[in-house]
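Below is one structure, written out as C-alpha cells, with a few remarks after it.
What follows draws every value from the coordinates through simple rules; no lab data is involved. The structure presented is a predicted model; accordingly, all values stated were derived computationally and were not measured. Every residue, glycine among them, receives a Cβ derived from its backbone with ideal geometry; neighbour counts consider all protein chains shown.
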Amino acid sequence: QVQLSETGGGVVQPGSSLRLSCVMSGRTFTRSTMGWFRQAPGKEREFLATTGGFTEIADSVKGRFTISRDNAQSTVYLQMTNLKPEDTAVYYCATSPYFYVNGIVAAEYDGWGQGTQVTVSS
C-alpha cells in the first residue's frame, strides 16, 4: 500500500520561502509520477506541479514554485518562493503508478498524503 507523508508547512510572512517535502513508500518511486496540489477553504483542489516522464508547473505559480525529486530518498520537493497570502492552503502531494501521464489532473493519481498547512500572513 502506497503511503505519502508531507512535511514543511507552517506560518510565514509574505515574501518568504518554504520547501515542502513528501516521502513515498510502498511503490517503486523511480517509476512513479509525483505531483503537488493545494486546496484553500471553499475552493477546489488546484494543480501546482508534477514530475515524472513530464515536468509541468501551473501557470498560476510558475516562476515562484519549482518541483524536484530525490530518487535515492523517494522524496519529492516543492520549493516555494515569494509567498503571497493567496498561497494559503493545505498542500498535498500525490502519486501515480504510471510514469508517462499528464500529471495535471487529480484523477490520474491514486495515492495522496494527509496534507500540510501553509499559511501566509503578516
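Give, rounded to the nearest 20 debye, the magnitude of the charge dipole that the range 32-109 has about its Cα centre when Lys and Arg contribute +1 at Cβ and Asp and Glu contribute -1 at Cβ.
120 debye
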With labels modelled as points extended 7 Å from the Cα through the Cβ direction, what inter-label distance (nm, one decimal) is found for Ser122 paired with Gln3? 4.2 nm
Lys and Arg at +1, Asp and Glu at -1: neighbours of Leu83 with Cβ under 14 Å from its Cβ sum to +2
Quick shape summary for the chain, equivalent ellipsoid via Cα gyration tensor, semi-axes whole Å in descending order, reads 23, 14, 13
Grab the other residues whose beta carbon is less than 14 angstrom from that of Glu56, score K and R as +1, D and E as -1, and report the net. -1
Taking 0.36 nm per intervening residue step and subtracting the Cα-Cα distance, what contour gain separates Gln39 from Ala58 on full extension? 5.4 nm
Viscosity 0.890 mPa s, temperature 25 °C: what is the translational diffusion coefficient of the range 54-122 from Stokes-Einstein with a Kirkwood Rh over Cα pairs, rounded to a whole number of µm²/s? 181 µm²/s
If you stretched the chain out fully between Ser16 and Glu86, how much longer would it get, using 0.36 nm times the residue separation minus the C-alpha to C-alpha distance? 23.9 nm
